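The values are calculated or read from the model by the stated rules, or taken from the named source; none is laboratory data. Keep in mind the model is a prediction, meaning the values are calculated, not measured. Please note: Cβ atoms are built from the backbone with ideal geometry, for glycine as well, and neighbour counts cover all protein chains shown.
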Amino acid sequence: MGWLARGMRVFSHEDDHFRLIPLDPGAPIEIPPPFADYEVVMHDGLSETRVDSDWLNHLSLLITSEEIEGHGDSWPSSHEFISDMMIVRIEEELQKYSSHIAEAKLRSHPHIRLVLNDEGVQGELRIRKLTPIGARFEGEIVTRGIPESVSSTRVLVRESGRSITCDPNKAYFSTKLQSERLETLSLAKELKAILSRPLRVCDPFCGVGPALATLLSEPELVGELHASDLNPDAVEMLLENLSRWDGRYYDKKPSKLSRIFPDRIVGIADATRLRDDSQNIGSWDFLIVNLPHKTIDLLPSIVPLLDRSSPSMVRGRVIASDSEIEEANLALRENLPPTLIGKPVPELRVKRDYSSTLRLCSFEAWIAPE
Ligand SMILES: C[S@@+](CC[C@H](N)C(=O)[O-])C[C@H]1O[C@@H](n2cnc3c(N)ncnc32)[C@H](O)[C@@H]1O
């Protein structure tokens, strides 16, 4: 059946009660009987011990040690896994070694199908430019003339018990935001407890919808939902995802924002123009603003979407330099309505480095009713 992840091994769970069987990305999301009683959990995999997982050891078999030492720390030691793809960022000076890097990475990670070079996020739609530099084809490693059959970047990613269709070459998606999404879930649950009813959630920069995957996995948390993005490719994958998460049929073709079901407004839309339609104004309890390089400036055009007759929340991410964080905090508070009594004023929390000078931050703002 091919459900076992190639090159990965079975090992004991920390609780010692279960053994973890590594699943291939192609295994069914809902594991059918007789295994259906066993939970599918997210866990870092372990390679089969006979494979040396240190990619530099493999690289040293492909180029000279002088070449390796000559470039010191510039070699791409970290990488991101998206399903069976590995994304690496190769410095300019090492581009000529791309195929060697790909081959060494593929040898050290036998479950990886495709290695892509990340040339950075581009344009308003925040899409990464990813170039295939190596792949596994019929058991062999290929770094030139990679066949189309193994170079597809559209994959299913498992997260929080859900599967998310994404294609990082066509729409923004990052596996690194998983903990951020869990924090968003816990904030939404807190707001739901205050309002004592399911939330009306609006995610106007939703991409393929990963934040919604987590929120929709919690029964009775989300009532009405608005999910939109400017990128038609993102919306196309969002529709496929929603069909799965919601258990209802969404049209496969992306179209402009519309009410698809009585409780679902989905489609392509410019978030900055949503307030032009009076139906969107004052309709939402929980607003997600995830366009970090613009969030603070966009708030005045998005905040009118909040229902100010009861407590509400804005959850967002912002990119700022260390020296600008205090200034950004002031701008954030200025662009948001007053804080709900008893809750802290919104404040940026640094989550990780975005570059050598910029930090990726997140915030939550509890908004008082008018
Ligand atoms: C940083 S990504 C976040 C995507 C998604 N929320 C996630 O966490 O994966 C920002 C998204 O905003 C979308 N976008 C950019 N400008 C927009 C606009 N004016 N209106 C709606 N969406 C926009 C991009 O297409 C992209 O999908």
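Laid out as a table, the results:
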read-out: Pair list, Cβ < 8 Å and 6+ apart or interchain, from region 88-107 residues that are assigned by TED's automatic domain parsing to the domain that holds GLU67 and acidic (Asp, Glu) to residues that are crowded, with 21+ Cβ neighbours inside 10 Å and at pLDDT 95 or above; value: GLU103/GLY134
read-out: Options ARG349, ARG333, ARG315, ARG308; residue that is in contact with a Phe, Trp or Tyr (Cβ under 8 Å, 6 or more places away or on another chain), at negative phi and surrounded by fewer than 20 Cβ atoms within 10 Å (Cβ to Cβ); value: ARG349
read-out: Condition check for LEU225: assigned to a strand (DSSP E or B), more than 12 Å from the ligand (Cβ to nearest atom), at pLDDT 95 or above and buried (at least 17 other Cβ atoms within 10 Å of the Cβ); value: yes
read-out: Complete set of residues in region 300-318 that are more than 10 Å from the ligand (Cβ to nearest atom), of a type outside the set (Gly, Ala, Ser) and assigned to a strand (DSSP E or B); value: LEU306, MET313, VAL314, ARG315, VAL318
read-out: Condition met for ASP263 (over 24 Å from LEU185 (Cβ atoms) and in the same structural domain as PRO198 (by TED's automatic domain parsing)); value: no
read-out: Boolean, ARG333 is at pLDDT 95 or above and part of a strand (DSSP E or B); value: no
read-out: Answer residue from region 41-62, given it is loosely packed, with under 15 Cβ neighbours inside 10 Å and among the β-branched types (Val, Ile, Thr) and is modelled with the highest pLDDT among those; value: VAL41
read-out: Only one of LEU125, LEU116 that is surrounded by 15 or more Cβ atoms within 10 Å (Cβ to Cβ) and touching a Pro at 6+ places or on another chain (Cβ under 7 Å); value: LEU116
read-out: Residue check for GLU159: outside the structural domain of TRP284 (by TED's automatic domain parsing) and either under 20 Å from ARG264 (Cα atoms) or within 12 Å of the ligand (Cβ to nearest atom) (or both); value: yes
read-out: Residues located in region 169-196, provided they are within 15 Å of the ligand (Cβ to nearest atom) and either of a type in the set (Asp, Glu) or not assigned by TED's automatic domain parsing to the domain that holds ARG317 (or both); value: GLU180, GLU183
read-out: Residue list for region 277-293, filter: within 13 Å of the ligand (Cβ to nearest atom) and modelled with pLDDT of 95 or more; value: LEU287, ILE288, VAL289
read-out: Residue within region 230-240 that is over 18 Å from the mean Cα position of the chain (by Cα) and either surrounded by fewer than 24 Cβ atoms within 10 Å (Cβ to Cβ) or free of Cβ contacts under 8 Å to residues at least 12 places away in the same chain (or both) present; value: no
read-out: Residue, nearest to ILE281 (Cα to Cα), within region 228-242, restricted to residues that are of a type in the set (A, V, I, L, M, F, W, C) and within 12 Å of the ligand (Cβ to nearest atom); value: LEU230
read-out: Among residues of region 257-268, those that are touching a helix residue (DSSP H, G or I) at 6+ places or on another chain (Cβ under 9 Å) and either part of a loop (DSSP other than H, G, I, E, B) or within 15 Å of the ligand (Cβ to nearest atom) (or both), counted; value: 5
read-out: Criterion (of a type outside the set (Lys, Arg) and part of a loop (DSSP other than H, G, I, E, B)) met by exactly one of ASP251, ASP297; value: ASP251
